[in-house]
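Working notes for the structure below.
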Amino acid sequence: MKIHHIGYLVEDINTATEEFQELGYTLKNQVIYDNTRKIYISFLTNNNYLIEFIQPTEESPGLSKMLKKNGSMPYHICYETDNLENSIQSLQKKGYFLIQPCAIAPALNNKKVAFLMNTSVGIIELVEIGKE
Ligand code: NI
């Protein structure tokens, strides 16, 4: 599956943005608040790589806990699919668990996303890329 972006958990999204810009990254869009997942999100690019910053809040305890335990770090890889439901079903048959069902991602132009997990792979995200 084609990689769409790498999700990076950060303690402070503005500081992280400044530090990554020092490393040659370009801010793709301003920070937005995802009211469904209760997190702050922004995207940065570095050549062909797209990095998503996620800053959890007190209302996103799972991610806050992960951040507290491990510090700022990449924690998911997002893959493109042209049919989210089919990909979810096919990965579930291969032993992946659905940890966050299909939802709209405001930071990705309201594309549909879902999160799955497999003990060998960790957390993955799927994003449905429609024909545009
Ligand atoms: Ni993501």
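Basic side chains Lys and Arg get +1 at the Cβ, acidic Asp and Glu get -1 at the Cβ, and with that the dipole of the chain about its Cα centre reaches some 480 debye. If you find the alpha carbon centre of region 62-77 and of region 23-61, how far apart are they in angstrom? If you average the Cα positions of each part, the centres end up 13 Å apart. Rolling a 1.4 Å probe over the protein heavy atoms of region 1-115, with every protein chain left in place, gives an accessible area that is 48 percent carbon and sulfur. Zone of Ser120 (label point 7 Å along Cα→Cβ, backbone N under 16 Å): which residues in region 71-102? From region 71-102, the list is 91-97. Using θ = phi - 60° in the Karplus curve 6.51 cos²θ - 1.76 cosθ + 1.60, the 3J(HN,Hα) couplings for region 62-79 round to x, 6, 4, 5, 4, 5, 5, 6, 10, x, 5, 5, x, 9, 8, 10, 9, 10 Hz; x is entered for Gly and Pro. Of all aspartates and glutamates in the structure, the ones whose alpha carbon falls short of 17 Å from that of Lys111, not counting any fewer than 8 places away in one chain, are Asp34, Glu52, Glu80, Asp82, Glu85, Glu125, Glu128, Glu132.
Size descriptors for region 15-132 (Cα atoms only): Rg and Dmax, in that order, 14.7, 43 Å.
Of the listed pairs Lys2/Lys93; Lys28/Lys93; Lys68/Lys94; Lys68/Lys93; Lys69/Lys93, which have alpha-carbon separations greater than 29 Å here? In this structure, Lys28/Lys93; Lys68/Lys94; Lys68/Lys93; Lys69/Lys93 exceed 29 Å between Cα atoms. Per-residue packing, averaged as other Cβ atoms within 10 Å, sorts the ranges 34-45, 64-75, 101-112 into the order 34-45, 101-112, 64-75, beginning with the highest.
A 1.4 Å probe run over the chain, with the rest of the protein chains in place, finds 61 Å² accessible per residue. For the chain, the 222 nm mean residue ellipticity estimated from helices alone, with every DSSP H stretch of n ≥ 4 adding -39500 (n - 2.57) and the total spread over all residues, rounds to -6500 deg cm²/dmol. Determine the shape class of region 69-132: with a ≥ b ≥ c the square roots of the Cα gyration tensor eigenvalues, call it rounded for a/c under 1.5, and otherwise prolate if a/b is greater than b/c, oblate otherwise. It is oblate, given that a/c is not under 1.5 and a/b is not larger than b/c.
The values are calculated or read from the model by the stated rules, or taken from the named source; none is laboratory data. Being a predicted model, the structure only gives us computed values, none of them experimental. Glycine gets a Cβ as well: all are built from the backbone with ideal geometry, and neighbour counts include every protein chain shown. Accessible surface is based on the protein model in full, side chains and every heavy atom, while ligands, DNA and RNA are left aside. Shrake-Rupley method; radii C 1.70, N 1.55, O 1.52, S 1.80 Å.
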